[in-house]
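Novice: Shown below is the structure under consideration.
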Amino acid sequence: MKRIVGYGIGIVVCIVMMVVGTFGSFYFMHGKAMENGLKDNDLVYVHKTKDVHQGDVIAFYYNNKILVRRIVASGNDVVTITSKGTVYINNKLLKEDYVKDRYDDHHDIVYPYKVSEDCYFVLGDQRSASVDSRRKHFGVVKRKDIIGVVKMRVWPLQRLGGVS
């Protein structure tokens, strides 16, 4: 009887892993760019998709690394960030309740900045610790480089939950 239960649990675990692996992946966060919401060494689940929108926290490839940032604008949008770090998209104030700080002293792009087609302007939630689309060498994220949308934090368990 114990053997049958053990096999049953093993089969269920294998099926769950195959389903999860087909539709998503798990990644560890590195750095402080997405604090308050995500912290260094958090394990997140990323749903594999290219269907992304403004406000989504996405995982993407950058210089052979996987990074996580938030989309604030997409193709043909015009981005302006003031000296105080306030973000405007197409001349409309972007409400950003998730931002830890708005520090914007280390950008080198010229505003207003028009986002290219099939690209996304991304920012970290902790602007003082984030390398993101405000820098020329980083640039915008191309659609082809997107892995998917970060759906939830799975580790540490005491902070298990969705990503806002």
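Novice: Which order do H137, H30, H47, H53 fall in if you start with the one that has the fewest other Cβ atoms within 10 Å?
Specialist: H137, H53, H30, H47
Novice: Just to be sure I understand the model, the point goes 7 Å from the Cα along the line to the Cβ. What's the resulting L43 to T82 distance in nm?
Specialist: About 4.3 nm, to one decimal.
Novice: Under 17 Å between alpha carbons, and skipping anything fewer than 8 positions from K65 in its own chain: which aspartates and glutamates qualify?
Specialist: Straight-distance partners of K65: D40, D42, D132, D145.
Novice: While we're looking at this one, here's another question. Determine ³J(HN,Hα), in whole Hz, for all residues of region 126-140 in sequence, where each value follows from phi through the Karplus function 6.51 cos²θ - 1.76 cosθ + 1.60 and θ = phi - 60°; x replaces Gly and Pro.
Specialist: 10, 4, 6, 10, 10, 9, 8, 5, 6, 10, 4, 5, 7, x, 8
FYI, it's all coordinate maths here, none of it is from the lab. These numbers come from a predicted model, not from an experiment. No Cβ is skipped: glycine too gets one built from the backbone with ideal geometry, and neighbour counts run over all protein chains shown.
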